[in-house]
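Since the structure comes first, as structure tokens, the remarks are kept for the end.
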Amino acid sequence: NGQLARLARAAGLEFFGTCVGEGNTNDQQYMSILRDLDEFDQIVPENGQKWDSLQPQRGRFDYSRGDIVANLARQNGQLLRCHTLTWHSQLPAWVRDGSWNRQTLTEVIETHIANVLRHYQGQCYHWDVVNEAADDNGNWRNSVFYRVLNSDFLPISFFAARRADPSTKLYVLPSPLSTLPSPLSSPLSSLPFPLSPFLSPFLSPPFFLLTPETTKLSTADNMNAKRYYNDYNLEYNDRKTDITVEMVNIIQRAGAPIDGVGFQGHLIVGSTPSRQQLATVLRRFTALGVEVAYTEVDIRHARMPPNQQALVTQGNDYANVLGSCLDVQGCIGFTVWGFTDKYSWIPSTFPGEGDALLYNSNFGKKPAWTSVSSLLAAA
Ligand code: G3I
């Protein structure tokens, strides 16, 4: 009896999605809601595609956690948002504490992005290429990336993403390598990136080679991901929003490819901006020629447990956020950062706060769910 995604599509959005904690997938009740395409037609890994999961040591790539949600999306026929590449957090110590110069850190970023994007090539609807480059005061975040590369790490990351997943489509040549003319006959082992297991059925002998010239594999394999900058607290139209506008300008002036800005939407019940204020902020970005989406929405109660009135206010706040997206041409989708209060990052980060999602911990629909579904149904 899910309906959020079905209604969201009917209202003109491209998706209504949720993040999925990699540890939650044995919970049958959780999975039955998650798999309902009428409820969620897009998913995003909560942690599995972060740098510390994918490249815990230099040159050792491990896709086992990242693939959990990617595989679920494929099995369920859901869009996959991919999250995230250049980010100061969940960044392994070898990157965070390394003694880098411009050239070596650029190589590290480019190598990470090239490998990860090729592994997930054809699977990601969006990539959060850079995450949270501004700090909470609206200054550049003091990360290893900023310290070594200044603002250049933004265009470097976006250019690397385009190189690894270009709009030039991915093709597979269906001939044995031995019959290929040089240079196509170079052995697979000489490719500068690991080949995706997604393609492995096609890689048993006779071998096939990726090349821009030959036969199309399939539509899905040819999809290239839209490239996003993603951050929180952009919703308040203050210094942090200003510097993020400036970041988009920097990326665009460098000629680097950015398609969208993700508004994470980690908000607080009772202090969420109005629908109109939120629409105004979204339009600051669509005016730059990029699309926007809400990518990680949760609206937490600062006082627990919430009373009935607080639950109603939470529903109104959700409606304001979603409503602003419906109001703005170029706001293309809405993703919640989890759907049940049973699993959320909030209580461990903000002790004493929580219950930020659309379903309670027993998987019952909250007033916020009703508020969201009614708004969509009326849209
Ligand atoms: O995997 C380890 C486990 O091995 C260990 O025993 C355990 C002990 O603490 O920690 C586990 O890692 C935790 C990880 O989640 C997986 O559960 C980390 O400690 C914990 O810090 C991490 O939190 C995640 C957080 O990002 C880290 O920054 C949250 O689950 C995740 O919801 C949150 O998501 C972020 C987005 O990626 C970006 N925007 C903000 C959002 C909320 O903070």
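Taking +1 at the Cβ of each Lys and Arg and -1 at the Cβ of each Asp and Glu, which of Leu80, Leu117, Asn47 sits farthest along the dipole of segment 1-151 towards its positive end, judged by Cα position relative to the Cα centre?
Ranked along the dipole, the leading option is Leu117.
Tell me the net charge near Val44. Cut-off is 11 Å between Cβ atoms, Val44 excluded, with +1 for each Lys or Arg and -1 for each Asp or Glu.
-2
Between segment 35-108 and segment 351-372, how far is it from one alpha carbon centroid to the other, in angstrom?
When both Cα centres are located, 27 Å separates them.
Take Tyr294, Tyr343 and order them by how many other Cβ atoms sit within 10 Å, fewest up front.
Tyr343, Tyr294
For segment 336-379, what D do you get in µm² per second when you plug the Kirkwood radius from alpha-carbon pairs into Stokes-Einstein at 4 °C and 1.567 mPa s?
D, rounded to a whole number, is 117 µm²/s.
³J(HN,Hα) across segment 273-286 via Karplus (A = 6.51, B = -1.76, C = 1.60, θ = phi - 60°), whole Hz, x for Gly/Pro?
For segment 273-286, the Karplus-derived couplings read x, 6, 4, 5, 4, 5, 4, 4, 5, 4, 5, 4, 8, 4 Hz, x marking Gly and Pro.
What's the Cα-based Rg to Rh of segment 37-146, Rh via Kirkwood?
Radius of gyration relative to Kirkwood radius: 1.00.
Which whole-Hz couplings ³J(HN,Hα) result when phi for each residue of segment 6-11 is put into the Karplus expression 6.51 cos²θ - 1.76 cosθ + 1.60, θ = phi - 60°, listed in order with x for Gly and Pro?
4, 5, 5, 4, 4, 7
Which ³J(HN,Hα) values in Hz, rounded to whole numbers, follow from the phi angles of segment 128-133 under the Karplus curve 6.51 cos²θ - 1.76 cosθ + 1.60, where θ = phi - 60° and Gly and Pro get x?
Those phi angles translate into 7, 6, 10, 10, 6, 7 Hz.
Give the long-range amide H neighbours of Ala134: residues separated by 5 or more places, or on another chain, with amide H under 5 Å away, using H modelled in the peptide plane at 1.01 Å from N.
Close amide H contacts, sequence-distant or interchain: Arg141.
Can you give me the long-range amide H partners of Glu14? Hydrogens built in the peptide plane at 1.01 Å from N, cutoff under 5 Å, separation of 5 or more residues or another chain.
Under 5 Å from the amide H of Glu14 lie the amide H atoms of Gly333, each far enough along the sequence or on another chain.
Going by average Cβ density within 10 Å per residue, which order do the peptides 324-334, 19-29 take, highest to lowest?
Per-residue Cβ counts within 10 Å, averaged per peptide and sorted highest first, yield 324-334, 19-29.
Taking amide H positions as placed 1.01 Å from N in the peptide plane, with prolines and chain starts having none, which residues 5 or more places from Val297, or on another chain, fall under 5 Å of its amide H?
Correct list: Thr335, Val336, Trp337.
Quick note: the coordinates plus some simple rules give every number you see, no bench work behind them. Model, not experiment: these values are computed from the prediction. Glycine also receives a Cβ, built like all others from the backbone with ideal geometry; neighbour counts cover every protein chain displayed.
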